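Working notes for the structure below.
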Amino acid sequence: QVQLVESGGGLVQAGGSLRLSCTASGRTVSTYTMGWFRQAPGKERDFLASISASAYFTSYADSVKGRFTISRDNAKNTVYLQMNSLKPEDTAVYYCAAAFRRGITTTPSDFQSWGQGTQVTVSS
């Protein structure tokens, strides 16, 4: 399976921005749908955004629409999550994931490979 490593997390003030990166190794991601999820303490892992292999289709959770943008650069084997207008409730561990399929999906069980996560903390 593809190995995924997230980076770009950290501490940011409310209203600020961060860009997360997820770089794949072992296999190219050009045939994978990629996604971002997050998990806050005591909460379930929530879907945030996904992007099809072609990058033609994207899907977003209602909670992040208009604030977060998913993109990918298949030549760099990397997917990004641009996060703007961050809120304290965005504080969580953020995970990228790869689904071995070309079509868009938002279902966690469709994603076979997961990164280790990167912490995002948004202060008031």
Out of G42, G15, G66, a Gaussian network model of the chain with alpha-carbon springs under 10 Å gives the largest mean-square fluctuation to G42
Full-extension gain between A40 and S63, please, as 0.36 nm times their residue separation minus the C-alpha to C-alpha distance. 6.9 nm
What dipole magnitude, in Debye to the nearest 20, does the chain give about its Cα centre under +1 on Lys/Arg Cβ and -1 on Asp/Glu Cβ? 240 debye
For region 27-43, in residue order, the Karplus 3J(HN,Hα) values (coefficients 6.51, -1.76, 1.60; θ = phi - 60°; whole Hz; Gly and Pro = x) are 9, 6, 9, 5, 10, 9, 6, 10, x, 10, 9, 9, 9, 8, x, x, 10
First compute the accessible area of region 56-124 with a 1.4 Å probe, then give the percent of it belonging to carbon and sulfur atoms. 50 percent
Label point distance in nm, Q116-Q13, each placed 7 Å from Cα along Cα→Cβ: 3.1 nm
The Rg/Rh figure for region 30-79, Cα atoms and Kirkwood Rh, to two decimals is 1.02
Per residue value of the accessible surface for region 67-124 (all protein chains in place, 1.4 Å probe), Å²: 45 Å²
For the chain the mean separation of alpha carbon contacts under 8 Å (6+ apart) over residue count, i.e. relative contact order in percent, is 36 percent
Short version: ³J(HN,Hα) in whole Hz for each residue of region 77-87, in order, from phi by Karplus 6.51 cos²θ - 1.76 cosθ + 1.60 (θ = phi - 60°), x for Gly and Pro, what are they? 6, 9, 10, 10, 10, 7, 10, 10, 6, 5, 10
How do F37, F100 rank by accessible surface area computed with a 1.4 Å probe, from largest to smallest? F100, F37
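The values are calculated or read from the model by the stated rules, or taken from the named source; none is laboratory data. Since this is a predicted model, take the numbers as computed values, not measurements. With ideal geometry, Cβ positions are generated from the backbone for all residues, glycine too; neighbour counts draw on all protein chains shown. In case anyone asks, the SASA skips ligands and DNA or RNA and just uses the protein heavy atoms, side chains included. Shrake-Rupley method; radii C 1.70, N 1.55, O 1.52, S 1.80 Å.
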